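What follows is a single structure, written as structure tokens, with notes after it.
The values are calculated or read from the model by the stated rules, or taken from the named source; none is laboratory data. Quantities reported herein were computed from a predicted structural model and do not represent experimental measurements. Counting neighbours? That spans all protein chains shown, and the Cβs are built from the backbone with ideal geometry, glycine included. These area figures cover heavy atoms from the full protein model, side chains too; ligands, DNA and RNA do not enter into them. Shrake-Rupley method; radii C 1.70, N 1.55, O 1.52, S 1.80 Å.
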Amino acid sequence: MRTAYSVETVRAAERELMARLPEGTLMRRAAAGLAAVCAGLLGRVYGARIVLLVGPGDNGGDALYAGARLARRGAGVTAVPMDPERMHPGGLAALLGAGGRVESAVPGRADLVVDGLLGIGGRGGLRAAAAALVERIPPGAVVVAADLPSGVDAETGEVAGAAVRADVTVTFGAYKPGLLIDPGASRAGAVRLVDIGLTLPAPDAEALQHADVAGLLPEPGAASDKYRRGVVGIVAGSARYPGAAVLAVAGALRGGAGAVRYVGPAAVGEAVLARYPETLIGRGRVQAWVIGPGLGDERGAEVLDDPVPVLVDADGLRGLDPEALRARTAPTVLTPHAGEAAALLGVRREEVEAGRLDCVRALAQRYGATVLLKGSTTLVCDGAAPVRVNPTGTPWLATAGSGDVLSGLAGSLLAAGLSGPDAASVAAYLHGLAARRAASGAPLLAHEVAEALPAAWRDVRTP
């Protein structure tokens, strides 16, 4: 499990630790880790050309101390300050003492560039002086960000204007949410965590890994039958959108439940049966419901009155009553995209896109539900910390019908007995992993994601 912490949480832990250590110890620990990663990326340090982009704060000090370590190993290290009058004095002295130099312009050639401009305190994108340095990063150089790519919001992953695009980010003490959530995550490259000895409380965000998902996947026992494994009911599809029902059933059949029951228009049911003859048709005993994909103006069964877990997606999200959902005794999972989330909150879509963490928390609180907020980074929240951040997926997943597959998959996991947050986050993980396998760098169709789910399931379960 990757766990991420807010800026204030990290700074409080740093203050507590610095009070017990000799002055400068924490910065030197961070610099040692940063230098070690840079050396590993270079392979041969002696003779390498390294450029440090240096800001006025501790982030700049980390870069300067790391540069001094690399200079002592024979690298040619040049520091380019954003503000020459505000460089970290101890770091600057260390760099100059090791044979490094300071210049006012970014050299035209470099093997590696260290971004030490802003760090976790930066807000609102890069200022003009910093942006000018970033624009001059030599082409072909490996870019390593110290703690966080400059211009990325550490709390949210937002990028307002210019920002560093790193090949590798070396983060100190703890992951920050902005390293896990797009667009910040895509700017961070590969993230390496350097342990500097912080003692941290419960995280603000977390990202499941293979082992976490494997431990949550349902597995039938010797005495299992379809009802013990769980039956999921699907209320989806309409004359206008029959394919949504087919895709939701496809995801559900691959989700670990014992059976899938379809409830909807007869003609759509025929289409479902033609593709998946395993499907049960009509109302009956279920352990969870999925309602909404492709319903159009159809309202379907009143499944929210059923005392079993219910997942609500797409057209089912229209007109939801927050009080009615909060009054439910069984788990409820909502799976909106940004536009649907905006309608549920009564705000503009741009507000959701600009503050996804805040919005997923607000939705969970308002509706008393687990909320899976779809997007380039899918977030799952049940109203309490930590928010789960899904680390899998591919831009090719932005295709019609992929959300229907996800809904069926998550509903099946609910029927198999997983909690709302676990069902939503495991479904998102497997869905993204399956999409990566199905796409392999090319466009994919939603039904191909469903077909790739067994392979993704096996990937997760393979030690």
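Once you reduce region 222-295 and region 402-463 to the center of their Cα atoms, the two points are 16 Å from each other. Take 89-102, 382-395, 110-123 and order them by the average number of nearby Cβ atoms within 10 Å per residue, most first; the result is 110-123, 382-395, 89-102. In this simple spin-label model, placing a label point 7 Å from the Cα along the Cα-to-Cβ direction at both Ser186 and Thr3 gives a separation of 3.0 nm. Once C-alpha pairs closer than 8 Å and six or more residues apart are averaged by separation and normalised to the residue number of region 127-172, the relative contact order reads 42 percent.
Rolling a 1.4 Å probe over the protein heavy atoms gives the chain an accessible area of 41 Å² per residue.
Rounded to a whole number, what % of the accessible area of the chain do carbon and sulfur atoms account for, probe 1.4 Å? Please list the in-between numbers first.
Numbers: 9640 of 18920 Å².
For the chain, the apolar C and S fraction of the accessible surface comes to 51 percent.
Pull out the extension gain between Ala93 and Arg109, defined as 0.36 nm times the separation in residues minus the alpha carbon to alpha carbon distance; nm, one decimal.
Working: separation 16, 0.36 × 16 = 5.76 nm, distance 2.44 nm.
Once the chain is fully extended between Ala93 and Arg109, it gains 3.3 nm.
Compute the relative contact order of region 93-179 as a whole-number percentage, counting only Cα pairs closer than 8 Å that sit 6 or more residues apart in sequence. After rounding, I find 30 percent.
At 15 angstrom or more along the helix axis (alpha-carbon based) and mean Kyte-Doolittle of 1.0 or higher, what helices does the chain contain? Whole DSSP H runs only. Show your work: numbers first, answer last.
Details: long enough: 7-18 (16 Å, -0.21); 25-42 (26 Å, 1.34); 58-72 (21 Å, -0.48); 242-253 (17 Å, 1.88); 356-367 (16 Å, -0.33); 402-415 (20 Å, 1.14); 420-439 (28 Å, 0.30); 446-461 (23 Å, -0.25).
Going by DSSP H runs, the hits are 25-42, 242-253, 402-415.
Here r is the Cβ-Cβ distance between Ala222 and Ala442 and R0 is 41 Å; the resulting FRET efficiency, rounded to 0.05, is 0.50. The order of Met82, Met18, Met87 by accessible area, most exposed first and with a 1.4 Å probe, is Met18, Met82, Met87.
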